[in-house]
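Input: a single structure, listed below in structure tokens.
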Amino acid sequence: MRMHPTALAVLLAVPSGAASPPAATTVELVWFDPRDTLSDRFGDLREEVDSIFRGIGVEVKWTRGGPGTVYGLGGRPEVAVILLAEDRSKGPESIMGLVLKSPKPTRVAWVFVSNVRAALGHDSLRTRPSLVEAPDLARAVARVAAHEVVHAIAPDEPHARDGLMSQALSRHFLLGARAPIDPRCASVFLGRLAELSPTRDASLALRTVPFRGP
Ligand SMILES: [Zn+2]
């Protein structure tokens, strides 16, 4: 395609996979915890989620969601993570997190905090974690949420044999030193993020028409 030099210069200024140095891969999380189930341990949780995704070269952009938060409009790789204090689904207690498959582009990951507490062996009669339990709960919820975020972005990818994307996560794993994502799941996740990234939509960017002068 022949192109006027001015148009070419403008195109090069548009962020595009071909014309710009690759930006850091990012995933945006909109985090809802209406019942403050982590007892102000959000900072710990965030650090853990950041560290899991940094391990595969992904930066997390965070938004704390509230009643008026709107999400899912940007066309970016974005996942709403919703923490439910109790699991009222009457499903098996072993389910700690869930992503519902839906044809809609909205990605929502649910975390059932009461079931995570049960998996950790925490006192279920207490409505909130104790001071000793709270840091462990933050770490475990971070890992369950990260697992569901990978599902939300790559819903067709099956579970892995080990690591964070295993079908079941034990107390030992939820509290262990590291929670790596296995290379196959990581690679599919990265591929899907790249497909969903707005930098791939440069063809939709509004371009200028060169001004040819009088
Ligand atoms: Zn899963």
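The values are calculated or read from the model by the stated rules, or taken from the named source; none is laboratory data. This one's a predicted model, so the numbers in the text were calculated from it and none came from an experiment. Glycine gets a Cβ as well: all are built from the backbone with ideal geometry, and neighbour counts include every protein chain shown.
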Quiz item: So which residues in the range 23-50 are in contact with an Asp or Glu (Cβ under 6 Å, 6 or more places away or on another chain) and not in a loop (DSSP other than H, G, I, E, B), if there are any at all?
Solution: Thr26, Glu28
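Residues checked against (1) modelled with pLDDT of 95 or more; (2) surrounded by 12 or more Cβ atoms within 10 Å (Cβ to Cβ); (3) within 22 Å of Ile153 (Cβ to Cβ):
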position: Ala24; (1), (2), (3): no, no, yes
position: Arg35; (1), (2), (3): no, yes, no
position: Leu38; (1), (2), (3): no, yes, no
position: Leu125; (1), (2), (3): no, no, no
Quiz prompt | Qualifying positions in the range 103-144 - in a helix (DSSP H, G or I), of a type in the set (Val, Ile, Thr) and over 15 Å from the mean Cα position of the chain (by Cα) | solution = Val113, Val116
Quiz item: Pick from the range 41-61 the residues that are within 18 Å of His151 (Cα to Cα) and touching a Phe, Trp or Tyr at 6+ places or on another chain (Cβ under 8 Å): which of them is surrounded by the fewest Cβ atoms within 10 Å (Cβ to Cβ)?
Solution: Glu59
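Quick check on the range 156-171. Is at least one of its residues away from the ligand (no atom under 16 Å from the Cβ), part of a helix (DSSP H, G or I) and at pLDDT 95 or above? It would help to see each step written out before you state the result.
Pass one, the range 156-171, residues away from the ligand (no atom under 16 Å from the Cβ): 171.
Now drop any that are not part of a helix (DSSP H, G or I), which leaves 171.
From what's left, at pLDDT 95 or above: 171.
Within the range 156-171, one or more residues are away from the ligand (no atom under 16 Å from the Cβ), part of a helix (DSSP H, G or I) and at pLDDT 95 or above.
From the residues in the range 145-155 that are of a type in the set (A, V, I, L, M, F, W, C) and more than 9 Å from the ligand (Cβ to nearest atom), which one is nearest to the chain's Cα centre (by Cα)? Give the steps one after another, and end with the answer.
If we filter the range 145-155 for residues that are of a type in the set (A, V, I, L, M, F, W, C), which is where we start, we get 145-146, 149-150, 152-154.
Subsequent filtering for residues that are more than 9 Å from the ligand (Cβ to nearest atom) retains 145-146, 149, 152-154.
On the way: Ala145: 8, Ala146: 6, Val149: 4, Ala152: 8, Ile153: 8, Ala154: 11 Å.
Here the answer is Val149.
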Exercise. Determine if the range 125-137 includes at least one residue that is touching a residue at least 60 places away in the same chain (Cβ under 8 Å) and within 15 Å of the ligand (Cβ to nearest atom).
Key: no
Quiz item: Within the range 51-80, which residues are in a loop (DSSP other than H, G, I, E, B), without any contact (Cβ under 8 Å) to a residue 40 or more places away in the chain and under 19 Å from Leu196 (Cβ atoms)?
Solution: Val70, Gly72, Leu73
Practice problem: Among the numbered conditions (1) away from the ligand (no atom under 16 Å from the Cβ); (2) without any contact (Cβ under 8 Å) to a residue 24 or more places away in the chain; (3) within 20 Å of Val188 (Cα to Cα), tell me where Leu100 comes up short. | Solution: (1)
